[in-house]
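Below: the structure, in structure tokens.
Just so it is clear, none of the values below were taken in a lab; they were calculated from the coordinates. Note that the coordinates shown come from a computational prediction; the quantities given were computed from them, not determined experimentally.
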Amino acid sequence: MLTICKMLHNGLVQMAKQKDGVMPAYDNTALSDIQEVNLSYLMLAQRLLRDNYSAGMYRLGFDSDVADIVLGLSPAQLVKLASTNTLVCGFRLNDYQLLSTLGQDVLGGVLQQAHSTILLAQRSPEQLA
């Protein structure tokens with residue numbers, strides 16, 4: 001969390017220093033970070049789908065068409081897709097009440113994972129998007 005805060009702070013400082021349309025070094029670093037996250041995400045998605053197709057689809061929020069495409073990507077295609085300047089994955093928890101509930105300490109943390117799973121299982125992937 002501290003690293004994310006530092007990255008955000010450094011990004012704001014760099015944006016303030018930007019002159020004459022020159023892209024600051026932070027933007028290059030952020031782009032590199034986005035591409036690294038994309039590649040990691042795509043590789044994880046393929047692994048989850050290979051290990052257990054149905055569970056992988058559920059965890060990733062994919063329908064079968066998207067799952068088939070991701071599963072069929074070659075390493076070169078993964079790298080090419082990951083090289084975009086936009087995240088290929090998205091944060092699916094856009095419901096304030098759900099997110100705040102998941103962040104609470106339930107029974108001293110003992111049942112936190114089970115509680116989170118139950119809350120998330122009650123929603124379809126479309127509701128989480």
Inset, instruction - With θ set to phi - 60°, apply the Karplus curve 6.51 cos²θ - 1.76 cosθ + 1.60 along the stretch 66-78 and write out the HN-Hα couplings as whole Hz, x wherever there is a Gly or Pro. - result: 5, 4, 5, 5, 4, 5, x, 5, 7, x, 5, 5, 4
Inset, instruction - Calculate one ³J(HN,Hα) per residue across the stretch 27-43 by plugging θ = phi - 60° into the Karplus curve 6.51 cos²θ - 1.76 cosθ + 1.60, and present them in order as whole Hz with x for glycine and proline. - result: 4, 5, 5, 4, 4, 4, 5, 4, 5, 5, 4, 4, 5, 4, 4, 5, 5
Legend entry - Residue-span extension gain [THR29 to LEU71] - 0.36 nm each, minus C-alpha spacing: 12.2 nm
Legend entry - Net lengthening on full extension, TYR53/THR84 (0.36 nm per residue, minus Cα-Cα): 8.6 nm
